Every structure is written in structure tokens, then in C-alpha cells.
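Below: one structure, written as C-alpha cells.
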Amino acid sequence: MRGTETVTPAWLKELKEKAPGLLIRENVMMKNHTTFRIGGPAEYLIEPVSEQELSLVRQAAAQNGLPFFLMGNGSNLLVLDGGIPGITVRLGKGFSAFGQTGPAGFWAQAGALLSEAARKAQQEGLSGLAFAAGIPGTVGGGLYMNAGAYGGEMAQVVTGADAVSPSGPAHLNREELRLSYRHSALMEKPELMVTKVYFDLQPGDPEEIKRQMEDLQARRREKQPLTLPSAGSFFKRPQGDYAARLIEAAGLKGFRVGDAAVSEKHAGFVVNLGEATARQVLELMRRVQERVYQASGILLEPEVKMVGVDG
């Protein structure tokens with residue numbers, strides 16, 4: 001009688017031989033790795049600490065036809081209940097360094113938190129990243145979606161990015177990144193994995209920049225539901241209006257499906273009241289879109305990235 005021992009795939013054996021120190025975990029619940037606290041298991045969650053390891057993982061996925069997903073801090077992400085098949089890569093401490101290039105040039109690796117990048121720039125007397133102080137994502141994730149807040153966005157300060165792909169290293173300049181509202185060329189180029197982002201900032205007074213960051217943080221605490229799990233602003237801003245205003249005008253503040261709810265504090269946020277599932281969030285999204293469209297004729301588009309399979 002055969003036992004229940006699982007067979008290690010050949011690609012995984014080969015990858016472990018090429019990168020023996022690589023952190024590879026199987027069937028990792030993604031609700032523990034997203035700010036929404038929602039999501040089924042990642043089949044393989046891999047955390048490389050170098051560009052060489054990252055390249056090897058990407059090559060393994062490409063050569064073996066495996067689904068591949070690159071994530072940052074899991075802050076703008078809804079993982080579906082069935083989890084993520086194939087390989088999920090998370091950039092973390094191995095990609096969290098900062099540095100300067102000249103008087104106002106600044107760079108940060110893709111796995112660094114945007115909030116830490118803003119703090120580091122402030123300490124160096126560099127102005128322009130204060131808007132990012134309260135964004136919970138990583139630098140790479142922020143570039144991917146051209147993250148922004150309070151009138152600032154990545155497009156205003158980014159000059160380029162280094163990346164790796166199955167074929168080797170690459171560099172994208174500002175024009176090639178094609179940054180626009182919550183969009184970048186990276187969304188159409190899944191083979192590219194950003195490892196470092198370059199910024200053009202302005203010299204400034206560290207104390208003044210710090211005061212600006214503290215003011216923005218206070219405004220966030222006052223207006224946003226920071227005590228409940230969420231993925232940040234759930235819907236994109238429609239042209240000429242605001243998603244939160246349209247949702248509130250449709251009478252949907254506090255509306256819920258199971259433990260997924262429109263925030264009572266800020267209608268632009270969908271929050272997890274405890275045990276929300278991705279299916280509940282998607283049903284809530286559908287109903288909000290329907291009601292807002294009936295009331296205003298505007299179809300709201302989700303800003304949150306959705307990944308995985310239904311469960």
C-alpha cells in the first residue's frame with residue numbers, strides 16, 4: 001500500500017539545488033499575508049533575498065509553465081478563497097535597502113515599505129515623498145499601480161526602475177513606465193519584476209518635511225478606518241467625482257455582506273469586520289457597483305488587485 005508522502009516536483013528539486021538557501025513554503029494561507037486578512041493558500045510562497053534568486057525563481061516558473069505572481073506587502077490585494085496556484089513571490093527584507101545618487105537623487109529597493117522610503121528621504125532632507133508616508137504598500141507595489149495620496153503620486157517623483165526578467169536584467173526609464181492614474185506599463189509586462197526604483201526629489205528642511213508627514217498621518221487617522229483590515233481605497237476615482245461620495249449618496253455607508261462591509265467612517269473603503277471571505281467582498285462590490293450605477297449612471301471600477309481562484 002502506498003503512503004501519503006507527497007512527491008517533490010522536479011522543478012522544485014532543481015530550484016533548491018541551484019539556490020539552497022531560498023525560502024520556499026507550501027500551502028501558505030494568504031489571509032496572514034494581506035492587509036485585508038482574507039485569502040486562501042498560496043501553493044508555493046517563495047521569498048528570494050537577491051536578484052540571482054529572484055531570476056532563478058522566475059526562470060523556473062517560465063520553463064515549467066507555472067503560474068507566477070509577484071506581490072509586495074499585500075496591501076492593495078484581494079486573494080480569492082481558493083488561493084493562488086503556482087508560484088507566489090514576495091519581496092521583503094532582502095530587497096529593502098535605500099541610497100542616494102547625487103544631491104536630490106534617491107533610490108529604494110522594491111521590497112522596502114513606501115512609508116520607510118518616505119521616512120528615509122525625510123531624514124536625508126529630501127522632499128517629495130511625504131505623500132507616501134501613510135501608504136502601507138512597498139515601493140515596487142507602489143510603482144506597479146502608481147500609488148498616490150493627498151495630491152501626490154509616484155509618477156511625480158519616479159525617474160526609472162531596474163527589473164529582472166526570465167531573459168536577464170532590464171532598466172525602464174520614466175517614459176517606458178507609462179505612469180498614469182493607478183496604472184503603469186508593468187501591468188502589461190508580467191515578465192518584468194522591479195527590483196529598484198529611482199526618484200528625483202528636492203532638497204528640503206527635514207523638520208518641515210516631518211511636520212508635513214505628521215499632518216498627513218493625522219488626517220488619515222481622522223478620516224480612514226485604519227483599525228479594521230482593508231485593502232485601502234477599494235474603487236478607483238471616477239472622472240470628475242469621488243467613489244466615496246457616490247457610495248455614500250447611494251445610501252451604502254455601513255452596507256455589508258457577511259463580514260465584508262462598506263466602512264462607516266469612509267465609504268471608499270471596504271473593511272473586514274472579522275471573518276470576511278473574498279466571495280463576500282466580491283458580492284459586496286457587485287452590489288455597490290449596481291446601486292451606484294442605478295443612482296448616478298457611473299460604473300465604479302475596483303482599484304484593488306484580485307488574484308487567485310474562487311474557492
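The table that follows gives values for the structure above.
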item	result
Residue check for residue 163: more than 16 Å from residue 201 (Cβ to Cβ), free of Cβ contacts under 8 Å to residues at least 60 places away in the same chain and surrounded by 20 or more Cβ atoms within 10 Å (Cβ to Cβ)	yes
Residues located in the range 154-174, provided they are in contact with a Phe, Trp or Tyr (Cβ under 8 Å, 6 or more places away or on another chain) and either of a type in the set (Gly, Ala, Ser) or modelled with pLDDT under 95 (or both)	160, 161
Selected residue (criterion: surrounded by the most Cβ atoms within 10 Å (Cβ to Cβ)) from residues of the range 268-283 that are part of a strand (DSSP E or B) and among the β-branched types (Val, Ile, Thr)	270
The one condition in (1) farther than 29 Å from residue 168 by Cβ; (2) touching a Lys or Arg at 6+ places or on another chain (Cβ under 8 Å); (3) not charged (D, E, K, R) that residue 76 fails to fulfil	(1)
Leading residue by the ranking (farthest from residue 273 (Cα to Cα)) among those in the range 193-229 that are surrounded by 15 or more Cβ atoms within 10 Å (Cβ to Cβ) and touching a Lys or Arg at 6+ places or on another chain (Cβ under 8 Å)	193
Matching residues, the range 28-57, being of a type in the set (S, T, N, Q), modelled with pLDDT of 95 or more and in contact with a Gly (Cβ under 8 Å, 6 or more places away or on another chain)	34, 35
Count of the range 86-116 residues which are touching a residue at least 24 places away in the same chain (Cβ under 8 Å), surrounded by 16 or more Cβ atoms within 10 Å (Cβ to Cβ) and either of a type in the set (D, E, K, R) or not in a loop (DSSP other than H, G, I, E, B) (or both)	12
Matching entry among 263, 233 (being within 15 Å of residue 149 (Cβ to Cβ), touching a strand residue (DSSP E or B) at 6+ places or on another chain (Cβ under 8 Å), among the hydroxyl-bearing types (Ser, Thr, Tyr) and touching a residue at least 24 places away in the same chain (Cβ under 8 Å))	233
Matching residues in the range 121-140 - criterion: being touching a Leu at 6+ places or on another chain (Cβ under 8 Å) and either of a type in the set (Lys, Arg) or not in a loop (DSSP other than H, G, I, E, B) (or both)	121, 122, 126, 127, 130, 131, 132, 133, 134, 138, 139, 140
Condition broken by residue 203, with the remaining ones in (1) without any contact (Cβ under 8 Å) to a residue 12 or more places away in the chain; (2) touching a Pro at 6+ places or on another chain (Cβ under 7 Å) satisfied	(1)
Test set (1) at pLDDT below 95; (2) buried (at least 18 other Cβ atoms within 10 Å of the Cβ) - residue 151 fails condition number	(2)
Those residues of the range 231-267 which are surrounded by 23 or more Cβ atoms within 10 Å (Cβ to Cβ) and not in a helix (DSSP H, G or I), in sequence order	231, 234, 235, 260, 261, 262, 267
Matching residues in the range 175-198 - criterion: being over 22 Å from residue 62 (Cβ atoms) and of a type in the set (Gly, Ala, Ser)	180
Filtered residue count, the range 206-226, keeping only those that are within 17 Å of residue 135 (Cβ to Cβ) and free of Cβ contacts under 8 Å to residues at least 40 places away in the same chain	6
Contacts under 8 angstrom Cβ, first residue in the range 52-73 being without any contact (Cβ under 8 Å) to a residue 24 or more places away in the chain, partner of a type in the set (A, V, I, L, M, F, W, C), 6 or more apart	67/61; 67/84; 67/87
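Residue by residue, here is whether (1) at pLDDT 95 or above; (2) within 17 Å of residue 158 (Cβ to Cβ) holds:
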site: 79; (1), (2): yes, no
site: 101; (1), (2): no, yes
site: 108; (1), (2): yes, yes
site: 118; (1), (2): yes, yes
site: 122; (1), (2): yes, no
site: 125; (1), (2): yes, no
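The values are calculated or read from the model by the stated rules, or taken from the named source; none is laboratory data. Remember, predicted model here, so these are calculated numbers, not experimental data. A quick note on method: Cβ atoms are made from the backbone with ideal geometry, for glycine too, and the neighbour counts reach across all protein chains shown.
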